[in-house]
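The values are calculated or read from the model by the stated rules, or taken from the named source; none is laboratory data. Predicted model, so just to flag it, every value in this text is computed and none were measured. Positions of Cβ are generated from backbone atoms using ideal geometry, with glycine treated the same way; all protein chains shown enter the neighbour counts. Accessible surface is based on the protein model in full, side chains and every heavy atom, while ligands, DNA and RNA are left aside. Shrake-Rupley method; radii C 1.70, N 1.55, O 1.52, S 1.80 Å.
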Amino acid sequence: MSFKTRFAPSPTGPLHLGHAYSALLAYDMSLAAQGDFVLRIEDIDQTRARPQWETQIYDDLAWLGIRWAQPVMRQSDRLDTYAKALDTLWEQGLLYECRCTRADIAAATSAPQEGAPLLGPDGVIYPGTCRGKHQQTTKRPVDAVLRLNMAQALHQTSQNTSQPNPLSFHEALHPDHRGVVKANGPHMLRNVGDIVLARRDMGTSYHLSVVLDDATQGITDVVRGADLFDATIIHVILQKILGLPTPTYHHHRLIRDENGKRLAKRDDARAISLFRKEGIMPTEIRSITMD
């Protein structure tokens, strides 16, 4: 399979220097490998996604000199795909409905006997309050919060003896984790927990959608920020239980401000569109981010 990577922004605000770095790095890698580069719009959060931001993404990337294959995949067009995957996981007994509020979870994890709540790649690690609490129906509940039963998922992956290290992936870029990265069951249970795979307001989650989308687009190499490194093992276990390939991952350094703070979309002063208005050239953006 030939090299294929992607850039997958959310149309919820302006692209900043950090986005430019990630997009340019992925694009340059695809050119160097004589592979393909695709663009994906991650707009499952329709409460925040805006058409004008999507248009701005196209304009900014084109201005940077980046070209991508058509048509562009948009997550909002793939809700049926996500629903079918959730149906499959539900039928396998790997999901359960969670009716806890954020306040419920905060109260459960901050109890004196529990100590400080553990934080994982998906936020506060869920204490399992609803696991086995509600009667499982034959049909998956719609418009509900659904969590992955991590213990059950681990049991299922352990049954596949053809893979000696099922919970592993190859990291090609992260300076502290290059090579084969492995995780085990106890680590997943303690440091990841029962993650949300479907949210009530969007019918899916980032973790589920990104795994399915990468597989559909045939992505061989995922280029993204180091802030997502810890989430990768979540994506690996979803790939295993859904029978999907695991790409090679390239987690790059983050672009930070003068105070060492990671850039966010609220940092409008570093928006690519503002640099363009000020007459900055694409080569200067490349120099700022890539050097």
Of the residues in segment 66-82, how many are touching a residue at least 12 places away in the same chain (Cβ under 8 Å) and outside any helix (DSSP H, G or I)?
-> 8
The condition from (1) modelled with pLDDT of 90 or more; (2) surrounded by fewer than 12 Cβ atoms within 10 Å (Cβ to Cβ); (3) under 22 Å from Leu228 (Cβ atoms) that His174 misses is numbered (2)
Counting only residues in segment 87-111 that are surrounded by 12 or more Cβ atoms within 10 Å (Cβ to Cβ) and among the β-branched types (Val, Ile, Thr), the one nearest to Thr129 (Cα to Cα) is identified as Ile105
Only one of Pro121, Pro166 is within 17 Å of the chain's Cα centre (by Cα) and touching a residue at least 60 places away in the same chain (Cβ under 8 Å), namely Pro121
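In segment 94-112, what residues are closer than 20 Å to Gly203 by Cβ and not hydrophobic (A, V, I, L, M, F, W, C)?
Tyr96, Glu97, Arg99, Thr101, Arg102
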Consider Ile66 against the criteria (1) within 28 Å of Ala153 (Cα to Cα); (2) open to solvent by less than 40 Å² (accessible area, probe 1.4 Å); (3) not charged (D, E, K, R): it satisfies all of them except one. Which criterion is unmet?
-> (1)
Report the residue count in segment 174-199 for those that are assigned to a strand (DSSP E or B) and under 18 Å from the mean Cα position of the chain (by Cα).
-> 4
Tally time: how many residues in segment 200-224 are outside any helix (DSSP H, G or I) and modelled with pLDDT of 95 or more?
-> 10
Considering segment 29-58 alone, what residues qualify as being in a helix (DSSP H, G or I) and either in contact (Cβ under 8 Å) with a residue 60 or more places away in the chain or surrounded by 19 or more Cβ atoms within 10 Å (Cβ to Cβ) (or both)?
-> Met29, Ser30, Trp53, Gln56, Ile57
Being touching a strand residue (DSSP E or B) at 6+ places or on another chain (Cβ under 7 Å), of a type outside the set (Gly, Ala, Ser), open to solvent by less than 10 Å² (accessible area, probe 1.4 Å) and closer than 17 Å to Val180 by Cβ, is that true of even one residue in segment 230-244?
-> yes
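Let's see how each residue does on (1) in a loop (DSSP other than H, G, I, E, B); (2) modelled with pLDDT of 95 or more; (3) within 30 Å of Phe3 (Cα to Cα):
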position: Ile234; (1), (2), (3): no, yes, yes
position: Gln239; (1), (2), (3): no, yes, yes
position: Leu244; (1), (2), (3): yes, yes, yes
position: His251; (1), (2), (3): no, yes, yes
position: Asn259; (1), (2), (3): yes, no, no
position: Lys265; (1), (2), (3): yes, no, yes
position: Leu274; (1), (2), (3): no, no, no
